[in-house]
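A quick write-up on the structure given underneath.
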């Protein structure tokens with residue numbers, strides 16, 4: 001009789017230890033992981049430039065390229081297509097006016113579609129040297145997208161988000177107040 005009572009106590013102690021390990025130590029592990037990913041965002045993977053600053057710099061460069069494409073479109077497109085260039089100009093201004101990197105990236109996402117529409121209009125309407133400056137600006141615009149997608153932070157944030165999306169990471173994340181990190185569309 002005493003042996004079976006000890007088994008019940010042992011089972012309860014084991015269950016408490018397992019739950020404490022998962023939720024207590026797991027929450028601290030997730031917090032450490034999140035902290036290290038955010039450190040890459042704030043300080044960068046190397047000492048040259050943090051992700052926060054590099055993504056902002058890429059977005060600034062994309063805005064500059066978009067504004068150049070818009071001015072070329074306003075010069076060379078017919079009146080019926082100039083609204084495409086005006087739309088690119090307006091979205092670039094909205095991206096520049098946004099306060100944080102997340103808001104800027106959201107505006108940038110809308111700008112990408114507008115830039116492609118403007119590219120299609122320019123490609124069909126303008127030929128020769130009038131198209132050269134526009135094409136260079138278009139290529140520069142998309143080069144910034146490539147730089148954003150290959151930033152170290154994006155990979156680390158996606159890994160962290162994968163960690164907290166499954167079990168038991170999702171449960172531990174909810175209980176410890178951890179949320180997904182922005183990957184800026186990456």
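The values are calculated or read from the model by the stated rules, or taken from the named source; none is laboratory data. What you see is a predicted model, and the numbers here were worked out from it, not measured in a lab. Heads up, the Cβs are rebuilt from the backbone with ideal geometry, glycines too, and the neighbour counts pull from every protein chain shown.
Matching residues to (1) exposed (fewer than 11 other Cβ atoms within 10 Å of the Cβ); (2) farther than 19 Å from residue 143 by Cβ; (3) modelled with pLDDT of 70 or more:
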position: 7; (1), (2), (3): yes, yes, yes
position: 12; (1), (2), (3): yes, yes, yes
position: 21; (1), (2), (3): yes, yes, no
position: 32; (1), (2), (3): yes, yes, yes
position: 39; (1), (2), (3): no, yes, yes
position: 48; (1), (2), (3): yes, no, no
position: 55; (1), (2), (3): no, no, yes
position: 63; (1), (2), (3): no, no, yes
position: 69; (1), (2), (3): no, no, yes
Number of the condition not met by residue 167 [criteria: (1) out of contact with any helix residue (DSSP H, G or I) (no Cβ under 6 Å at 6 or more places or on another chain); (2) assigned to a helix (DSSP H, G or I)]: (2)
Pairs with Cβ under 7 Å, 6+ apart, first in segment 171-186 and exposed (fewer than 14 other Cβ atoms within 10 Å of the Cβ), second modelled with pLDDT of 80 or more: 185/105; 185/109
Matching option when the condition is within 20 Å of residue 77 (Cβ to Cβ), surrounded by fewer than 21 Cβ atoms within 10 Å (Cβ to Cβ) and under 19 Å from the mean Cα position of the chain (by Cα), among 147, 112: 112
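Report, by residue number, each residue of segment 170-186 that is part of a helix (DSSP H, G or I) and in contact with a helix residue (DSSP H, G or I) (Cβ under 7 Å, 6 or more places away or on another chain). So that I can check it myself, show each step before the final result.
So the first thing to find is which residues in segment 170-186 are part of a helix (DSSP H, G or I), and the list is 170-175.
Result: 172, 173, 175.
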